[in-house]
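Worksheet: one structure, shown below.
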Amino acid sequence: MPCPIVTDVSEAAPPSADTLAYSFTLPAGAASCRVARVATRAVLKVHGLEGLTDAAVQVVSELAACACRFTPGEDMYVSLRYREDALRVILYDGHPRHHHPRVAEACEVRRRAALRVLGCVVRACEGDWGFGEGREPGGGTRMWAVLPGLGARGW
């Protein structure tokens with residue numbers, strides 16, 4: 001049986017908040033921070049979630065900038081999902097967990113300091129954030145933030 005080819009895309013359901021699920025990979029560089037912000041704005045607008053834009057763009061920007069500081073020149077992976085009236089932003093960078101406890105602790109302190117503005121934004125939106133070892137086979141660091149819709153709209 002041949003593969004079906006849809007030629008009339010006008011019948012496709014328009015994007016909604018419930019269908020917001022995007023992921024993209026960017027090089028960890030200054031220009032990519034701008035690309036991540038622009039992409040976040042566009043995605044939220046297309047899905048009718050403009051009210052989340054200010055908080056979401058700030059969060060994506062802070063996460064991307066942190067990835068650029070810790071893994072310049074490597075790739076960063078950004079994921080945007082909207083579920084249960086909350087925007088979930090996840091960013092993976094290639095910075096591996098240190099094996100020496102004191103070095104790992106110092107690195108965590110540096111990352112937490114780099115994400116200080118992110119923490120303020122997320123708390124103001126009554127959300128949650130954190131970072132830890134990446135779950136992917138390549139390792140690295142997974143940073144995330146959850147922005148409840150109501151809190152982000154009021155930010």
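The values are calculated or read from the model by the stated rules, or taken from the named source; none is laboratory data. Remember, it's a predicted structure, so these values are computed and weren't measured experimentally. Positions of Cβ are generated from backbone atoms using ideal geometry, with glycine treated the same way; all protein chains shown enter the neighbour counts. For the accessible areas, the whole protein counts, side chains as well, though only heavy atoms, and no ligand, DNA or RNA atoms are used. Shrake-Rupley method; radii C 1.70, N 1.55, O 1.52, S 1.80 Å.
Taking ARG110 and the conditions (1) within 17 Å of the chain's Cα centre (by Cα); (2) more than 22 Å from LEU20 (Cα to Cα), which numbered condition does it fall short on, given that it satisfies the others?
Result: ARG110 fails condition (1) only.
Looking only at the stretch 36-45, decide whether some residue is of a type in the set (S, T, N, Q), in a loop (DSSP other than H, G, I, E, B) and either touching a residue at least 12 places away in the same chain (Cβ under 8 Å) or closer than 11 Å to LEU91 by Cβ (or both). First the steps, then the outcome.
Step one: of the stretch 36-45, the residues of a type in the set (S, T, N, Q) are 40.
From what's left, in a loop (DSSP other than H, G, I, E, B): none.
Taking every residue of the stretch 36-45 in turn, none turns out to be of a type in the set (S, T, N, Q), in a loop (DSSP other than H, G, I, E, B) and either touching a residue at least 12 places away in the same chain (Cβ under 8 Å) or closer than 11 Å to LEU91 by Cβ (or both).
May I ask you to list the residues in the stretch 53-79 that are within 14 Å of the chain's Cα centre (by Cα), outside any strand (DSSP E or B) and free of Cβ contacts under 8 Å to residues at least 60 places away in the same chain?
Matches in the stretch 53-79: THR53, VAL57, VAL60, SER61, GLU62, ALA64, ALA65, CYS68.
When you check THR25 against the structure, is it among the β-branched types (Val, Ile, Thr) and closer than 19 Å to LEU118 by Cα, yes or no? Walk me through it before giving the result.
Working: among the β-branched types (Val, Ile, Thr): yes; closer than 19 Å to LEU118 by Cα: no.
When the stated conditions are applied, THR25 does not pass them.
Mind checking which residues of the stretch 43-93 are open to solvent by 50 Å² or more (accessible area, probe 1.4 Å), closer than 18 Å to PHE24 by Cα and of a type in the set (Asp, Glu)?
Answer for the stretch 43-93, where residues must be open to solvent by 50 Å² or more (accessible area, probe 1.4 Å), closer than 18 Å to PHE24 by Cα and of a type in the set (Asp, Glu): GLU74, ASP75.
Listed residues GLU50, GLU74; which is acidic (Asp, Glu) and within 17 Å of THR141 (Cβ to Cβ)? Walk me through how you get there before you give the answer.
Values: GLU50 fails: within 17 Å of THR141 (Cβ to Cβ).
Going through GLU50, GLU74 in turn, the sole match is GLU74.
Mind listing just one residue for me: the one in the stretch 96-140 that is at pLDDT below 95 and crowded, with 18+ Cβ neighbours inside 10 Å and, of those, farthest from MET76 (Cα to Cα)?
Result: GLY134.
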